[in-house]
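Have a look at the structure below before the remarks.
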Amino acid sequence: MASNWASKLDDYVDEKTGVFRLPHDISPANLAIALVQGSPILTAGSNNQNFDTTVQGMALPKSLESQLLTLSATARGEADVVKKEIEAWFDDFMAQVQHWYARRAQVSSLIVGLFVAVFLNVDTIAMGKTLYYDSAKREAVVKCHRSA
């Protein structure tokens, strides 16, 4: 059975799918503290066997479980080292997610822009020129925008 600190992470397991999802706004330090601070074995002068057992008892994806066990083994039971390892790993992982998201957002924006330009036949350059050179139309757009 998972200890109290581990059960807090169990709250992020989707009941319908069984998939573990971390909140998007968790900081690396807070994740490390949640995983290490309350662990009964990761205290001064102890080994990491209980930490490993607790991690294995949680409903984590195998890849996350494997990564945490590897970090724990590397740190040899030293709580501060485990915290630093988890923080560094989480930072690296979130940097990868950020790059993936940025690429995905760029592709989505390109697709939406092409849809607007091609299927709705919107010529933004002509619209810009018209608003730039025709002050009456420009004022009408501004007036319409202010009244909305």
The lone condition ASN121 fails out of (1) exposed (fewer than 13 other Cβ atoms within 10 Å of the Cβ); (2) under 29 Å from the mean Cα position of the chain (by Cα) is (2)
Looking at ALA2, ALA44, ALA95, ALA32, which one is loosely packed, with under 14 Cβ neighbours inside 10 Å and either at pLDDT below 80 or within 30 Å of THR124 (Cα to Cα) (or both)? ALA44
Taking the condition of being out of contact with any Leu (no Cβ under 7 Å at 6 or more places or on another chain) and touching a residue at least 24 places away in the same chain (Cβ under 8 Å), how many residues in segment 56-67 meet it? 5
I'd like the full set of residues that are at pLDDT below 60 and either surrounded by 14 or more Cβ atoms within 10 Å (Cβ to Cβ) or of a type in the set (D, E, K, R) (or both), limited to segment 47-76. ASN48
Within segment 78-95, is even one residue acidic (Asp, Glu), over 23 Å from the mean Cα position of the chain (by Cα) and within 30 Å of ASP52 (Cβ to Cβ)? yes
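The values are calculated or read from the model by the stated rules, or taken from the named source; none is laboratory data. Treat the numbers as computed from the prediction; the structure is a model and nothing was measured. Don't worry about glycine lacking a Cβ; one is built from the backbone with ideal geometry, like all the others, and counts go over all protein chains shown.
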